[in-house]
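Remarks on the structure that follows.
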Amino acid sequence: MDKKDYPKKKAKNDNYETDSWIKAMFDGWFDPCPLNPCWVTNGLLIDWPNKTFVNPPYSDPYPWVEKAIETSTIGCTVVMLLKHDTSTRWWRRLHEANAKFLPIMGRLQYGTGKNAAFPSVLVVLEAIK
């Protein structure tokens, strides 16, 4: 494994924009965690409707994953944009919840103009009725 693919350096913050082509696919979907300085609502404390898209803080995606799983069990479809990291407990929880994993080929730029240091994946939790 090439060290440049997985640098040990942490991101400066969690405020990175979802790539525009992904945002366009989920236009009109609810986002409980938008990159918006005016957004003051804690997205973990509100109900998520059907068709929710979330790009959670990568420093701690676990509570967002748990909320997404819970939301899918009450009949709502949730799609998450996450790091492609199979070594985490949140990945295991998604796997146990029968999520669909759609790896993204290439590296996203998250509004920075530079490729991310990690691969990304779209995770689909289909509504369970």
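The values are calculated or read from the model by the stated rules, or taken from the named source; none is laboratory data. Remember, predicted model here, so these are calculated numbers, not experimental data. Glycine gets a Cβ as well: all are built from the backbone with ideal geometry, and neighbour counts include every protein chain shown.
Within segment 64-91, residues that are within 20 Å of LYS129 (Cβ to Cβ) sit with their Cβ atoms under 8 Å from residues that are polar (S, T, N, Q) and surrounded by fewer than 22 Cβ atoms within 10 Å (Cβ to Cβ), at 6+ positions apart or across chains, in these pairs: GLY75/ASN50; CYS76/ASN50; THR77/ASN50.
When LEU94, LEU102 are checked against the criterion of being under 15 Å from the mean Cα position of the chain (by Cα), hydrophobic (A, V, I, L, M, F, W, C) and not in a strand (DSSP E or B), LEU94 stands alone in meeting it.
Restricting attention to segment 115-129, the residues being loosely packed, with under 15 Cβ neighbours inside 10 Å, under 22 Å from PRO32 (Cα atoms) and in contact with a Pro (Cβ under 6 Å, 6 or more places away or on another chain) number 0.
This table checks each residue for (1) over 17 Å from GLU66 (Cβ atoms); (2) surrounded by fewer than 16 Cβ atoms within 10 Å (Cβ to Cβ).
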site: LEU81; (1), (2): no, no
site: HIS84; (1), (2): yes, yes
site: SER87; (1), (2): yes, yes
site: TRP91; (1), (2): no, no
site: ALA97; (1), (2): no, no
site: LYS100; (1), (2): yes, yes
site: MET105; (1), (2): yes, yes
site: TYR110; (1), (2): yes, no
site: GLY113; (1), (2): yes, yes
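Of the residues that make up segment 106-114, is at least one on the phi < 0 side of the Ramachandran plot, among the aromatic types (Phe, Trp, Tyr), at pLDDT below 90 and in a loop (DSSP other than H, G, I, E, B)? The answer is no; no qualifying residue exists.
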